[in-house]
Amino acid sequence: MKQLSKRLTYANVMSSIAVFLVLGGATAFAAGLAKNSVGSKQLKKNAVTTAKIKNNAVTTSKIKNGAVTGAKVNAGSLGTVPNASHADSANTANSANTATSAGNVNGQTIHKILFRTTSDAGSTGNVTVFNAGGLVITANCTTGDATVTATTSKDNSSIYVDVFDSGSAEVDQEILESGEFDTGEEADLLAGNEGNNDLSLFEYDAVDGTVVTGLVNTDEDGALDGCRVTGHATVG
């Protein structure tokens with residue numbers, strides 16, 4: 001006991017008390033943090049990392065409005081927006097609305113047919129008004145009478161023509177079936193009519209599977225014995 005009392009100096013006692021206070025105080029401080037006492041100012045910059053965030057802990061209510069931009073979204077994960085699938089075909093249809101002489105709809109090309117003259121100076125000669133899919137259509141006007149003829153560049157093709165004559169209210173036909181419509185052959189798209197207020201419907205089938213369907217309307221144009229040939233043809 002005497003040996004212990006000799007070693008218990010004032011400095012030893014004070015240093016022991018200091019160590020006790022430090023250790024005990026730190027523990028008490030750590031254990032004594034009040035709830036919600038640590039604020040944003042107490043957090044070290046970049047202290048909260050991804051590893052410290054619990055899975056599914058961040059909810060939509062915790063995300064600031066406008067914080068998630070398009071650059072942060074994986075577009076491939078979104079799929080097709082409801083009703084947006086109709087827009088896939090809208091681009092193709094729109095091209096038909098803006099085209100001057102032809103448009104593409106569902107893989108088919110639509111061509112406008114237009115031939116018009118007010119001249120009474122005799123024959124205009126053959127004027128090509130359509131050329132696609134192996135079918136060539138020409139128009140000619142002679143003092144008010146129009147002729148519309150078709151030729152082909154593909155042998156063993158077919159063409160079927162129905163012409164409604166408003167003057168006689170009759171339907172005339174011109175048919176060159178398979179093997180009969182060859183290069184050098186000529187089909188009359190007016191089936192013998194004079195081209196005054198006639199309506200012609202035709203279908204051309206090429207041997208390679210190309211199909212051209214169309215409508216041609218003919219009439220006199222004005223007081224100068226001219227002609228008008230209008231219509232359209234679809235190639236598919």
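The values are calculated or read from the model by the stated rules, or taken from the named source; none is laboratory data. Computed from a predicted structure; not experimentally measured. Virtual Cβ from ideal backbone geometry, glycine too; neighbours counted across all protein chains shown.
Within the stretch 58-91, no residue satisfies the criterion of being at pLDDT 75 or above and either in contact with a His (Cβ under 7 Å, 6 or more places away or on another chain) or farther than 30 Å from V48 by Cα (or both).
Select, from A150, A139, A132, the only residue that is surrounded by 11 or more Cβ atoms within 10 Å (Cβ to Cβ), touching a Leu at 6+ places or on another chain (Cβ under 8 Å) and modelled with pLDDT of 75 or more. Even if it seems obvious, please write down each step before you answer.
Details: A139 fails: touching a Leu at 6+ places or on another chain (Cβ under 8 Å); A132 fails: touching a Leu at 6+ places or on another chain (Cβ under 8 Å).
Being surrounded by 11 or more Cβ atoms within 10 Å (Cβ to Cβ), touching a Leu at 6+ places or on another chain (Cβ under 8 Å) and modelled with pLDDT of 75 or more holds for just one of A150, A139, A132, which is A150.
Quick one: is V38 at pLDDT 75 or above and at negative phi? Judged against the criteria, V38 is not a match. Checked across the stretch 47-54, the condition of being at pLDDT 80 or above and charged (D, E, K, R) holds for at least one residue.
Report the residue count in the stretch 138-148 for those that are under 37 Å from the mean Cα position of the chain (by Cα) and either over 13 Å from T230 (Cα atoms) or without any contact (Cβ under 8 Å) to a residue 40 or more places away in the chain (or both). Going through the stretch 138-148 one residue at a time, the tally reaches 1.
Mind listing whichever residues of the stretch 170-184 are surrounded by fewer than 17 Cβ atoms within 10 Å (Cβ to Cβ) and closer than 21 Å to V229 by Cβ?
Taking the stretch 170-184 and keeping what is surrounded by fewer than 17 Cβ atoms within 10 Å (Cβ to Cβ), we get 170-171, 173, 175, 177-180, 182-184.
Hits for the stretch 170-184 are E170, V171, Q173.
Are any of the residues in the stretch 153-161 in a strand (DSSP E or B) and among the acidic types (D, E)? Reasoning before the result, please.
Taking the stretch 153-161 and keeping what is in a strand (DSSP E or B), we get 157-161.
Right, trim to among the acidic types (D, E) and you get none.
Among the residues of the stretch 153-161, not one is in a strand (DSSP E or B) and among the acidic types (D, E), which makes the answer no.
Applying the condition of being buried (at least 16 other Cβ atoms within 10 Å of the Cβ) and not in a strand (DSSP E or B) to the stretch 209-236 and asking which residue is modelled with the lowest pLDDT yields D225.
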